[in-house]
Each structure stands twice: as structure tokens, then as C-alpha cells.
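Throughout, read-outs are computed from the coordinates displayed, never taken from laboratory work. Computed from a predicted model, the values in this text were never measured in an experiment.
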Amino acid sequence: MSMKVQRFPSKAAISATKRSLYSGELPHTQQGVAEVKFSGEEFVAKLLDRRWTLPVPDAKIQQILLSAKNGYGTLGGYLSNDVSLLNNANLGPRMMEDNQEPSFYIVRDDLLHPLVNGNKSRKLDALLPLVEDHSVTDVVTCGGCQSAHAAAVAVSCAERGIKSHLLLRGEQPEIQTGYNLISAMYGKVTYIPRSLYADRKKMLKNHADYVAGSSGHVLWFDDILEDSTIRNNFGSNFAQQEARRSGHSRNIAIVNEGAGDVVALLGVIRLVQYLSQDHLFGKKRSLKLIVDAGTGTTAVGLGLGAICLGLPWEITAVMLADTVDKYQQHETRLISNFKRHFGFPFVESGLNDASESVVHWVDRHCPRKFGNVLEGEVEACHEIAQRTGILVDPVYTLSAWEMATVLGKRETKGDAKVVMLHTGGTLGMFGLAQRYRSYFSKLKD
């Protein structure tokens, strides 16, 4: 199941729109564009009229019913004792209104690709075509030993004939498995001491310079995006001409850890547009959309998508890796960059300042240091898998499942529907099984 790039028409239309949407913060802007008005749907349509990695934005949607027949008994505090699964290709208004049992819906982004995490597929959706358009031969990025991002970049680059250089924090494990194994199979892995990894920017630049040698050219992905934005270039002609003119045999692009750049938001906004179709969740129904938050980029993309389209959706992100202040700082930076690059009229949308939050950041049920697993969580994942056929992992997606279960029980007739975005994490279970052998050994009982 490859992630083949889908080519879309209307590049000229994109360029014209981008010129009209620029603010005075960017060079090469036209005068008087502040008078141009676009509805949210028009803005999103123009914004998303580009080449993508995923041929279609579709995702399977399922419903988890939390039966009240025997009360709300729970297993380990995570899951109703009586849980059934309803597959549905069409979530039209009649079905959603007729079924009044406590429940929540789950968007199965974990099924997008066998090796690339669901949220990583969305983040790379708009990024990879730009990398191709700029004739990039090598990509340098970084992550933890079991980085789903590093594995996603390695697989996606290999599918396109691009070499990936992955800087992984720490030491090589005795037995490679999970995302670490996939990274090693598809890319070139270098393990970096934690003291050097702490300065990621310097580390990435030094390694990119090493890969480039004396004849290569190094650029940050931010520069690629800036070039594409300013020059209104969403095709490959200009980039290829520049590459030939430069005479460089290798073009090395540096992609930040977790692909947490502003371009990562576009694929998530594309998902929001898909989910807001009338035959799915629609544009008028109130939703509580829940996602686990590593970097928090996916959550911000969901929030911006809802704002852009004027949807009555509340985005709840379960914080896993940092403090609320750090997440809000990351959100502010992404929103500011989004406004600068794409010119969304925040004031007209009701978001009066680029620093206002589009995400409801919440703590996990049982907060802990990132990556740690607590007693009973592996068993909870085991129970969910056996009862519903859906695999969640104890570090990331179990946190969203917990929140969706709690909110699903609270919402009654006429209240908002609860939706969980399943971001993936399946291969991460293999690495966890190495670290938490005692927890996983209990499964045999």
C-alpha cells in the first residue's frame, strides 16, 4: 500500500489565490489585497488545491457503543465492560440521531499505511510533494530511538527514490524492533549521544553538511516552503530549473523533528474538510474531537481546520510530552506561521489574535513522564483489542481512548458527538514490549 503522490490541476489558480491572500508581512505582495474577501470554505478550497501524498483524504470511521445494560462497569478504569463495534461507511444524520446509546466514533487514521503512523501520514501529506518539487535527493531528520516520525520519513522517502538520513537519540538497542527496525531497513540510521542531540538545530545542520560534502547544497524545509509561498510555485518547473542551474549533484533538505512545521497542518486541515462532509459528520453538528498530543501539531491542525471552515467543533488534546505552557507556545508559533504563510483572515473567523487557542489542552487521566507505562495499561490495550478489534498503544492512543470513553458516557440526547482520532502507534508496541517485559508477559495469563 504505497503513498503515491496524487497530482491535482489548477496550479495557476493556486498562485493567483496565494497572491491575493498574502499579508504585508511577506515580500512580493500586491497592494490592496486586504479588500479581498473569502468565505471559510473558499479559503480552504484554495489552500488545499495542491499536490498531495495521499491520493484521497478518506479514513474509515467506526462507532464504539458503550452499553448501559449492566451499568458503566469498567475494566481498569478504561473501558466499559460491554463494548460493541459498529462499522459504518455512512454516518448520515439519521443514523447519528437514531442511536442514543452512550458511544463515541473513532477515525481510523491508523489504517492509512501499514508502516507510516496515521498522524505522520497527514503531516507528510503536503510536505513530500514540495520536497519532490525542489529536486531533493536526501532528507535529514531526527527523533528518538523508536521514533514513528523517523520511520515515516524513511519509508516515504524510499518509496520516492530519496535517501533518508535519520539521527536517533541514544544508543542502538541490542535487538532492533518496531519503528527502530523500520528506520534501519528503509533509511540510514546514525545514533547520536544525548549530549549532542540536545542542540538539534546544530546537530541536523552538521550532519546535513557532512552528507552534502563539497558538491551538495543544504537547505531547511522552512526555506523550501518560503520559496514556494513567495514565488507562488506549487509545480516543479521552477525548482528543477534552479537545481540544474546551481550545478549541485545533491540537494539535502533538513526536516525538523516530528515534522512539526506549518506545512504539516495542511494535511490535517484536509482531513477536517473530509470529515465535515454532509454524509459524515457535517458542518452543523457539534463535535468533541479528541486526539493524543505528542508535539501537538496534529491538534493545532484540527483546530485551525475547524476555525477555517466555521465548524462547531471542540478540539481536545491530551497532553503527553510537555507542560500546557509549552504546548500553547507551540500552538502560538504554528498559528502565527500559518497566518504569515497562508494569510487566513483570523479576525473575520472570530479568532481575533493569532495567539488565541484553537485547542483545549488537558492532562492525561494519570500524568507521568513521557514514554512511561503504568500498571494495568497494557492489559487495557489487550482488552480493547479483543473486544473491538482496534489496537491502541499505552503511550499515545490509549490516552485519547480514555478521554473519548469518559466524554462518550457524559454526552446524552442532543449533546455533541464524541470523536476520537486514532493516530496510529501500532509498531510502537514492539519497542514497549522490550522495555516493559513484565507488563507484556502477563498477557499469556
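Using the structure shown, select from K163/K202; K283/K369; K288/K326; K201/K326 the pairs with a Cα to Cα distance greater than 30 angstrom. Cα-Cα > 30 Å for K283/K369; rest within. Phi-derived couplings, Karplus 6.51 cos²θ - 1.76 cosθ + 1.60 at θ = phi - 60°, listed residue by residue for the range 111-116: 9, 5, 8, x, 10, 9 Hz, with x used for Gly and Pro.
Longer than 28 Å from Cα to Cα, which of K123/K284; K120/K409; K123/K442; K339/K409 are they? Say none if no pair is. The pairs that break the limit, which is 28 Å between Cα atoms, are K120/K409; K123/K442; K339/K409.
Each residue of the range 48-64 was assigned a 3J(HN,Hα) from its phi angle through the Karplus curve 6.51 cos²θ - 1.76 cosθ + 1.60 (θ = phi - 60°); the sequence is 8, 7, 7, 7, 10, 7, 6, x, 9, x, 4, 9, 5, 10, 10, 10, 9 Hz, with glycine and proline shown as x. In sequence order, the range 365-370 has phi-based couplings of 3, 10, x, 6, 4, 4 Hz under the Karplus curve 6.51 cos²θ - 1.76 cosθ + 1.60, θ = phi - 60°, and Gly or Pro positions carry x. Based on the alpha-carbon gyration tensor of the range 124-172 and its eigenvalue square roots a ≥ b ≥ c, which shape applies: rounded if a/c is under 1.5, prolate if not and a/b is larger than b/c, or oblate? Verdict is prolate for the range 124-172.
Amide H contacts of L66: S103, F104, each under 5 Å away and 5 or more positions distant or on a separate chain (H built 1.01 Å from N in the peptide plane; Pro and chain starts excluded). A cut-off of 5 Å between modelled amide H atoms, ignoring neighbours fewer than 5 places along the same chain, links N251 with T137, D138, H217.
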